[in-house]
1. Out of all the residues in the stretch 329-343, is one or more out of contact with any strand residue (DSSP E or B) (no Cβ under 9 Å at 6 or more places or on another chain) and among the aliphatic types (A, V, I, L, M)?
2. Please work out if G333 is closer than 28 Å to T189 by Cβ, surrounded by fewer than 19 Cβ atoms within 10 Å (Cβ to Cβ) and free of Cβ contacts under 8 Å to residues at least 60 places away in the same chain.
3. Of E361, E374, which residue is closer than 17 Å to K315 by Cα and of a type in the set (D, E)?
4. Could you look through the stretch 54-87, keep only residues that are of a type in the set (A, V, I, L, M, F, W, C) and at pLDDT 70 or above, and pick out the one that is farthest from M23 (Cα to Cα)?
5. Taking the residues in the stretch 1-53 that are part of a helix (DSSP H, G or I), small (G, A, S) and at pLDDT 70 or above as candidates, determine which candidate is farthest from E77 (Cα to Cα).
6. Kindly provide the set of residues from the stretch 161-190 that are under 26 Å from V386 (Cα atoms), among the charged types (D, E, K, R) and assigned to a loop (DSSP other than H, G, I, E, B), ordered by number.
Amino acid sequence: MVRARQALREVMLSAGTEVLLAMLEEDRTALCGPRHEQTEGRENYRHGHDQGPLVLGGRKVSVKKPRVRSLEGDEVELPSWRRFSEEDPLTDRAMEQMLVGVTTRKYERSLEPLPEGLESEGTSRSSVSRRFVARTSAQVDEYLGRSLKDEDYPVVMIDGTGLGDHLMLVVLGIDVSGDKHVLGVREGTTESEGMCRSLLQELIERGLEVERARLFVIDGGKGIRKAIRDVFGTWALVQRCQEHKRRNVLDHLPKSKRGRVSKAMRDAWKSENETKARRLLRQLARDLEPMHPGAASSLREGLDETLTVLSLGLKGSLTRTLVSTNPIENLQGLLKRLVRNVKRWRDGSMALRWAVTGLLEAEKGFRRIKGYREMPQLLAALGTKVAEEKAA
């Protein structure tokens, strides 16, 4: 069976090569007229053959190229040759292979075998790497310069992920229909206030509206929170990720008590209103104080911001989606899988190129968030809540 499939691939490549050569000869006939016939008003003539590179099966191959010259002696390009000699298909194939996990070292082995008589080039580790770098560098400039004007993102999630020694701070926007969009990414070393503020300012320069009631969902980083407050002021509501908060509290407890405390926190967050949830969490902190003051302090820190979505009066799937950073963490998990074969990050530019490439690939599989049908209720609640806070 394996031999049969290999033979089929060889036949397909061989047939494709023959078709291409026939197309080139047809181009030459169209330019020069039929062979051995006098054509009135002829402007070109045949001029033998030479060897030239074409893109075929993810590599360059050297083929016998028909030549045409004008009556003035100038070389005339064949239309089919122009199309098939372009680098784009070759670069696209290299990009695709890298994204599915093929390393530059194994790129040539991943390609179909060529028919006998064709010489291959452009498949070395260095040449594949150069094409990948060139394409991804162009993607970074285009991706990070996209206009956000006339777009509306009432929900924004911010989180960082590490690529080697480099931290990628990613901003994920959710539009009014519940669709997810990567708005920006910045390379650094920590989730610092300055790094986050710089990234948010960049989004504003690209068109993100400031004076719009907006929910920011974060993991609890103080630098990120302060940057949001400094840039968006009272237009921003902040929801601390409940899952991160739960894990932070449990880290201060012995294993024997984690199950009970975890259940108590989750039950409190499932309360029918903000007031009851706050009361239950504060009582839990008081219970923990004598034996585990660290856990009690962790629970109290930022407690109100774990209840922001609950304070909006929302119910159902959308609430469960927005009380954690799971949507952006799932995105970052996919990014990690895409770059798993990179063993050495040479510099921040390389990390940024891979991050943007991975995020672009991830966007192809984006689905709307769970509970997207409840987005109109969220928009109304956000407007009301922000207006109340401004009036207070």
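The values are calculated or read from the model by the stated rules, or taken from the named source; none is laboratory data. Model, not experiment: these values are computed from the prediction. A quick note on method: Cβ atoms are made from the backbone with ideal geometry, for glycine too, and the neighbour counts reach across all protein chains shown.
1. Narrowing the stretch 329-343 to residues out of contact with any strand residue (DSSP E or B) (no Cβ under 9 Å at 6 or more places or on another chain): 330, 334, 337-338, 340-341, 343.
Now drop any that are not among the aliphatic types (A, V, I, L, M), which leaves 334, 338.
Yes, there is a match, as at least one residue in the stretch 329-343 is out of contact with any strand residue (DSSP E or B) (no Cβ under 9 Å at 6 or more places or on another chain) and among the aliphatic types (A, V, I, L, M).
2. Answer is yes for this residue.
3. Details: E361 fails: closer than 17 Å to K315 by Cα.
Exactly one residue qualifies, and that residue is E374.
4. Keep residues of the stretch 54-87 that are of a type in the set (A, V, I, L, M, F, W, C), which gives 54-56, 61, 63, 68, 71, 76, 78, 81, 84.
Now narrow it down to the ones that are at pLDDT 70 or above: 63, 68, 71, 76, 78, 81.
On the way: V63: 13, V68: 14, L71: 23, V76: 16, L78: 10, W81: 9 Å.
If we take residues in the stretch 54-87 being of a type in the set (A, V, I, L, M, F, W, C) and at pLDDT 70 or above, then L71 is farthest from M23 (Cα to Cα).
5. First, the residues of the stretch 1-53 that are part of a helix (DSSP H, G or I): 2-32.
In the following step, the residues that additionally are small (G, A, S) were identified as 4, 7, 14-16, 22, 30.
Next, only the ones that are at pLDDT 70 or above stay: 22, 30.
Numbers: A22: 16, A30: 12 Å.
My answer is A22.
6. If we filter the stretch 161-190 for residues that are under 26 Å from V386 (Cα atoms), which is where we start, we get 170-184.
Remaining after also requiring among the charged types (D, E, K, R): 175, 179-180.
Across the stretch 161-190, the qualifying residues are D175, D179.
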